[in-house]
Amino acid sequence: MTVTTKQKIDASTTEVLSGPTEVAVAIRLRDVNDNAPVFVDSNGNRTNRYHFEISNEVAQGQLIGRVAALDMDRGDAGKVEYVGINITEFFKLEEDGSITIAKALPRPSTVLAYSFVIEARDLPANRSEQRHSMANVDIAIDPGTDGRLPRFNNLPKTVAVSESFPRLSLVFTVDA
Ligand SMILES: [Ca+2]
């Protein structure tokens, strides 16, 4: 900050300065953008990966989870917006970092996991100073019972059958 006076002032000045007794000093603080947003998990720890698991039966509008990025700067340089970089048609990124279902998932499930990138950008007055961070989001889909192949719960790896075992005898049973 530089304050100038209309006349030279030094230590020997005895003259009473004329003019207004109040000096208006306009100080314009520059909005400094020192920090990039930092993604954090639900415990506030730094992260660059979020993992969510959902059923394939989720309805449109349903909340899946939320990402959050913190920015240590003050003012607009500390405000954050979220942008889905390669988000698919099934998901919507809300302004507050929430991820919701934009469109019902295909059933039976043809894809068991979706991945995309979310960018957090701060909003300094001078956009050329904008800083950003990125995080990966993985969403695993539980296909439920739709089109799922029977799963054998107690299938033994090997079964020993004696040569003398009668034909068409029951060797073991499985639950599916
Ligand atoms: Ca910032």
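Structure data summary
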| item | result |
| --- | --- |
| Counting DSSP beta bridges with both ends in region 38-142, the antiparallel % (nearest 5) | 75 |
| Mean Cβ count within 10 Å, highest first, over the residues of peptides 115-122, 34-41 | 115-122, 34-41 |
| Quarter of the Cα convex hull surface for region 38-142, i.e. its orientation-mean projected area (nm²) | 6.7 |
| FRET efficiency, 1/(1 + (r/R0)^6) with R0 30 Å, evaluated for Arg107 and Glu129 via beta carbons | 0.05 |
| Cross-link partners of Lys103 among aspartates and glutamates (Cα-Cα below 19 Å; sequence separation of 8 or more within a chain) | Glu53, Glu57, Glu89, Glu94, Glu95, Asp138, Asp142, Asp146 |
| Footprinting exposure proxy for Ile64, Ile85 (fewest neighbouring C-beta atoms within 10 Å first) | Ile85, Ile64 |
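No value in this document is a laboratory result; all are computed from the given coordinates. If you're wondering where the values come from, they're calculated on a predicted model, not measured in any experiment. For neighbour counting, all protein chains shown are included, and Cβ atoms are generated from backbone atoms with ideal geometry for every residue, glycine included.
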